């Protein structure tokens, strides 16, 4: 009990004193995850729209595949990309393994199914009249597409928050693809695993507190977005 109290007090001292190593790790985490979700949003929107409004062979199979991808463990994504990016892999010449770019790729693949599935559900629940009306009034396909996205903006925000929360806290893919290199690829989850393994509980608790606060903020935003999107009598 004394160890827990002492470690927690030291953790808050590290956070509020602006410890450069702690905040560097936090910065790497946010940078990698933000780049990953920004890269995933455009293809996710296009895929979800095609699945919701398209009528082509294999559509149901693709929907089933993306729903299946939701449950793929992060370590499986990490292992697959590790093999692809390793020296003898098909993309070994790119020399991306143990870089932030590799971590972005891993997190991209983790959040893409979440964005696709949640956006697809929001599109299915939306009134198709928005698309049809926009096209009838002479809007281009692109303009009609953004009109539909505006109609599902609350569901879209929920998808973004869920996807971001998923990738910033994952450890398996980041550890395998980034290598947990200090000052370069060490993010919050991998640093927590390292520090607690060394018995440096204060650093682990400090970084865990950042993740906990982020989870609270994301959940609060999600509740707000869902509340805004609800229809109250």
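Please treat every number below as a calculation from the coordinates, not as lab data. Owing to the predicted nature of the structure, the values given are computational and were not obtained by experimental measurement. Using ideal geometry, Cβ is built from the backbone for each residue, glycine included, and neighbour counts are taken over all protein chains shown.
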Peptides 175-184, 47-56: what's the order by average Cβ count within 10 Å, highest mean first?
175-184, 47-56
Which entry in [x] 31, 19, 17; [y] 37, 24, 14; [z] 29, 24, 14 is this structure's computed semi-axes √(5λ) of the Cα gyration tensor in Å?
[y]
Can you tell me how much longer the chain between residue 184 and residue 140 gets when fully stretched, taken as 0.36 nm per residue apart minus their C-alpha distance, in nm with one decimal?
11.4 nm
Between residue 94 and residue 5, the FRET efficiency computed from the C-beta separation at R0 = 45 Å comes out, to the nearest 0.05, as 0.40
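When only Cα pairs under 8 Å and 6 or more residues apart are kept, what is the percent relative contact order across the chain?
30
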I'd like the distance separating the alpha-carbon centroids of the range 79-107 and the range 18-37, in whole Å.
21
Find the centroid of the Cα atoms in the range 132-155 and in the range 162-233, then give the distance between the two in whole Å.
34
Neighbour counts of other C-beta atoms within 10 Å: give me 111, 117 arranged from fewest to most.
117, 111
May I ask you to sort 198, 95 by Cβ crowding, counting other Cβ atoms within 10 Å and putting the fewest first?
198, 95
Per the 1/(1 + (r/R0)^6) rule, R0 = 25 Å and r from the Cβ atoms of residue 121 and residue 56, FRET efficiency to 0.05 is 0.85
What is the gain in length, in nm to one decimal, between residue 30 and residue 65 on full extension, counting 0.36 nm per residue of separation less the C-alpha to C-alpha distance?
9.7 nm
So the angle from the long Cα axis of helix 59-69 to the longest Cα principal axis of the chain, reported in degrees to the nearest 10, equals 10
Angle between the Cα long axis of helix 141-151 and the longest principal axis of the chain, 0 to 90 degrees, nearest 10?
60
On a 0 to 90 degree scale, rounded to 10, what angle separates helix 201-229 from the longest Cα axis of the chain?
20
Just subtract the alpha-carbon distance of residue 212 and residue 83 from 0.36 nm times their residue separation and send over the number in nm, one decimal.
43.2 nm
Sorting 66, 145 on the 10 Å Cβ count, fewest up front, what's the list?
145, 66
